[in-house]
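Undergrad: If you scroll down you'll find the structure; I have some questions about it.
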Amino acid sequence: MEKLDSNPSQAVQIEADIFELVERFLVAKKKEVESLREAVAAKDFEAIELFAHRIKGVGKMYGFPIVTDIGQRLEVAAKEKNKNNAKTELAAMYLYLCEVKIMKKVSA
Amino acid sequence: MNLQGKEILIIDDNPDLLFIMRSILANTGATISEALSASEGFQRYQERAPHLIICDLGMKPHSGFDFLRLLRGQANKLPVPVLVLSGDNSKTSVVQAFSLGISDYLIKPVETPMLLRKIRKSLKNNEFSSVQLSPDKQKNIAIEVPATIVAASEAGFRVNSTIRIAPNTKVKLKSELITTLQLGDHPVRTGPGAALSLEKGFYQNEIRLVGVSEEIASRIRKCIRFWK
């Protein structure tokens with residue numbers, strides 16, 4: 001597995017008005033990644049590519065550039081139908097989503 | 001950024017993007033409508049007539065390009081500014097989207113400040129859309145302009161105003177004096193001569209009463225006697 005670009009134990013600061021939305025996003029994406037384990041086993045690369053494409057597009061907007069980066073690599077793996085790489089990147093995504101901590105940004 | 005009074009339609013098949021966009025734009029005062037497909041987007045466009053559309057390209061079964069072509073129809077430009085927000089960074093797609101008349105092209109993921117800047121720019125460049133009405137669609141309207149009656153006679157009035165009314169034009173006068181004289185519905189027209197140009201952008205227009213009855217003439221004479 002590729003090393004994560006930043007320490008997930010370090011809290012990501014999120015604007016207060018989107019904090020709850022971001023919390024829900026993390027929970028929902030974790031569930032989606034879990035369900036994609038079967039897709040990897042079944043070599044359903046279309047489902048993996050769709051997930052990767054979407055999460056790549058929004059990760060940064062929710063405050064997680066790492067999610068976008070992993071999503072980008074996952075999309076490539078799915079396009080190339082590379083099961084091992086897809087599995088690796090999905091694991092990286094899962095790990096990050098589980099470990100990342102978020103805190104409300106304190107306005108100046 | 002204050003986008004009060006602006007309506008923005010966001011078309012994207014990714015619900016996560018719609019959620020975050022709605023949250024980002026919530027503080028701007030803009031009204032947001034959303035669609036999860038190109039066809040739903042076109043329906044929303046027809047229902048809501050938004051000021052700006054933010055549209056994805058990679059949607060199925062109809063792509064963002066299909067939406068842009070449908071929106072453009074036979075016209076030579078899009079009827080509303082469209083900001084493309086897509087993960088597709090290929091030169092071909094960018095060129096094709098601009099050839100269809102989009103205002104700007106943003107590649108996902110986008111930073112919020114950049115997104116807001118582009119939204120503001122697109123709205124600023126297209127602040128008011130206008131269309132030249134064909135003769136069959138042109139409508140008659142009334143324009144109310146403040147004016148001062150400076151002289152009165154049985155034949156009509158001299159009226160000072162900031163507009164110069166063309167000779168022999170039908171006009172309607174509204175004032176307490178006109179009501180007192182019971183001339184509210186009486187037909188009036190400007191005289192045959194050109195309005196007199198006064199100082200500071202004012203004009204004196206001669207307004208003639210059409211077909212003055214003795215009853216009206218007598219009422220006006222009484223007023224004139226009172227004013228004298």
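Undergrad: With just the Cα atoms of chain B, tell me how far they stretch along each of the three principal axes, in Å, largest first.
TA: Principal extents (largest minus smallest coordinate, Cα): 82, 36, 32 Å.
Undergrad: Check each residue of region A:46-61 and keep those whose accessible area, probe 1.4 Å, is at least 20 Å² smaller with all protein chains in place than in the chain alone; give them in order of residue number.
TA: A:H53, A:R54, A:K56, A:G57, A:V58, A:K60, A:M61
Undergrad: Please report the base-10 log of the normalised intensity I(q)/I(0) for region A:12-103, using a Debye sum with one equal scatterer per alpha carbon and no solvent, at each q in 0.12, 0.14, 0.20, 0.21 (1/Å).
TA: For region A:12-103 at q = 0.12, 0.14, 0.20, 0.21 Å⁻¹, log10 I(q)/I(0) is -0.33, -0.45, -0.85, -0.93.
Undergrad: Once you keep just the Cα pairs under 8 angstrom separated by 6 or more residues, what percentage relative contact order results for chain B?
TA: Worked out over chain B, it gives 12 percent.
Undergrad: Once neighbouring chains are kept in place and the probe is 1.4 Å, which whole percent of the accessible area of region A:12-103 is contributed by carbon and sulfur?
TA: Values: 2210 of 4510 Å².
In region A:12-103, the share of accessible area belonging to carbon and sulfur is 49 percent.
Undergrad: Give me the percent of DSSP beta bridges within chain B that run antiparallel, rounded to the nearest 5. Please report the intermediate quantities before stating the final value.
TA: Details: 19 of 35 bridges.
Counting DSSP beta bridges with both partners in chain B, the antiparallel share is about 55 percent.
Undergrad: Could you report the buried accessible area between B and A, both sides summed, computed with a 1.4 Å probe and given in Å² to the nearest 100?
TA: That pair of chains buries around 1400 Å² in total.
Undergrad: Based solely on its DSSP helices, what 222 nm [θ] is calculated for chain B when runs of n ≥ 4 H residues each add -39,500 (n - 2.57) and the sum is averaged over all residues, nearest 500 deg cm²/dmol?
TA: Numbers: 7 runs with 74 residues, N = 228.
Counting only the DSSP helices, I get -9500 deg cm²/dmol.
Undergrad: Now a separate question. For region B:12-36, list whatever residues lose no less than 50 Å² of accessible surface once every protein chain is in place, relative to that chain by itself, with the probe at 1.4 Å.
TA: B:N14, B:D16, B:I20
Undergrad: Given the options A:E23, A:E38, A:E75, which has the most mean-square fluctuation in a GNM of chain A, springs set between C-alpha atoms less than 10 angstrom apart?
TA: Maximum fluctuation in the GNM of chain A, among the listed residues, is at A:E38.
Undergrad: Roughly how many percent of the accessible protein surface of region B:7-130 is carbon and sulfur, given a 1.4 Å probe and a whole-percent answer? Write down the numbers at each step before the final one.
TA: On the way: 3030 of 6020 Å².
The nonpolar share, carbon plus sulfur, comes to 50 percent.
Undergrad: Given +1 on the Cβ of Lys and Arg, -1 on the Cβ of Asp and Glu, and no further charges, what dipole in debye does chain A carry about its Cα centre, rounded to the nearest 20?
TA: That gives chain A a dipole magnitude of about 100 debye.
Undergrad: If I model a spin label as a point 7 Å beyond the Cα along the Cα-Cβ vector, how far apart are those points for B:I107 and B:S90 in nm?
TA: Going by the 7 Å Cα→Cβ label model, 1.4 nm.
Undergrad: Further, regarding this structure: Can you compute the modelled spin-label distance between B:R120 and B:Q132, with each label point 7 Å from Cα toward Cβ, in nm?
TA: My value for the distance between the label points is 3.4 nm.
Undergrad: As an exercise, use a Förster radius of 56 Å and the Cβ-Cβ distance of B:Q43 and B:N168 to find the FRET efficiency, rounded to the nearest 0.05.
TA: Working: r = 50 Å, r/R0 = 0.89.
Result of the calculation: an efficiency of 0.70.
Undergrad: Nothing charged except the Cβ atoms of Lys and Arg (+1) and of Asp and Glu (-1): what's the magnitude of the dipole of the protein assembly as shown about its Cα centre? Round to the nearest 20 debye. It would help to have the intermediate numbers written out before the result.
TA: Working: 48 positive and 39 negative charges, 267 e Å.
Its charge dipole is roughly 1280 debye.
Undergrad: Still on this model: Roughly how many nanometres apart are two label points built 7 Å out from the Cα toward the Cβ at B:E7 and A:C98?
TA: 4.7 nm
Undergrad: Let me ask something else about it. Taking just the alpha-carbon atoms of region B:147-227, what radius of gyration and Dmax come out, in angstrom?
TA: Cα radius of gyration and Dmax of region B:147-227 are 12.4, 38 Å respectively.
Undergrad: Considering only the other residues whose Cβ falls under 10 Å of the Cβ of B:I24, what net charge follows from Lys and Arg at +1 and Asp and Glu at -1?
TA: After counting each charged neighbour, the total is -1.
Undergrad: Normalised by the residues of region A:12-103, what does the relative contact order come to in percent, with Cα pairs under 8 Å and at least six apart?
TA: The normalised contact order for region A:12-103 reaches 35 percent.
Undergrad: Another question, if that's okay. Among B:G191, B:G29, B:G73, which one shows the highest mean-square fluctuation when chain B is modelled as a Gaussian network with alpha-carbon springs under 10 Å?
TA: Largest GNM mean-square fluctuation: B:G191.
Undergrad: Using the beta-carbon distance between A:A16 and A:E46 and R0 = 41 Å, what value does 1/(1 + (r/R0)^6) give for FRET efficiency, to the nearest 0.05?
TA: Approximately 0.60, to the nearest 0.05.
Undergrad: Next question. Counting other C-beta atoms within 10 Å, and keeping those with at most 10, which DSSP coil trypsin sites (Lys or Arg not before Pro) do you find in region B:46-117?
TA: Hits after loop and neighbour filter: B:K77.
Undergrad: Across all directions of projection, what mean area in square nanometres is found for the Cα convex hull of the protein assembly as shown?
TA: Details: hull surface 107.2 nm².
Computing the convex hull of the Cα atoms and averaging its projections yields 26.8 nm².
Undergrad: Most fluctuating residue of B:V145, B:V82, B:V110 in a GNM of chain B with Cα springs under 10 Å: which is it?
TA: Of the options given, B:V145 has the highest mean-square fluctuation.
Undergrad: May I ask which residue of B:T148, A:F51, B:L9 lies farthest towards the positive end of the charge dipole of the protein assembly as shown, with charges of +1 (Lys, Arg) and -1 (Asp, Glu) on Cβ and the Cα centre as origin?
TA: B:T148
Undergrad: Does region B:7-130 classify as rounded, prolate or oblate by the C-alpha gyration tensor (a ≥ b ≥ c root eigenvalues; a/c under 1.5 gives rounded; else a/b over b/c gives prolate, otherwise oblate)?
TA: rounded
Undergrad: Taking the solvent-accessible surface of protein heavy atoms with a 1.4 Å probe, what is the per residue accessible area of region A:12-103 in Å²?
TA: 49 Å²
The values are calculated or read from the model by the stated rules, or taken from the named source; none is laboratory data. Here the structure is a predicted model, which is why all the values come from computation and not from measurement. Note that each Cβ is placed from the backbone with ideal geometry, even for glycine, and that neighbours are counted across all protein chains shown. SASA here: full protein model, heavy atoms, side chains in, ligands and nucleic acids out. Shrake-Rupley method; radii C 1.70, N 1.55, O 1.52, S 1.80 Å.
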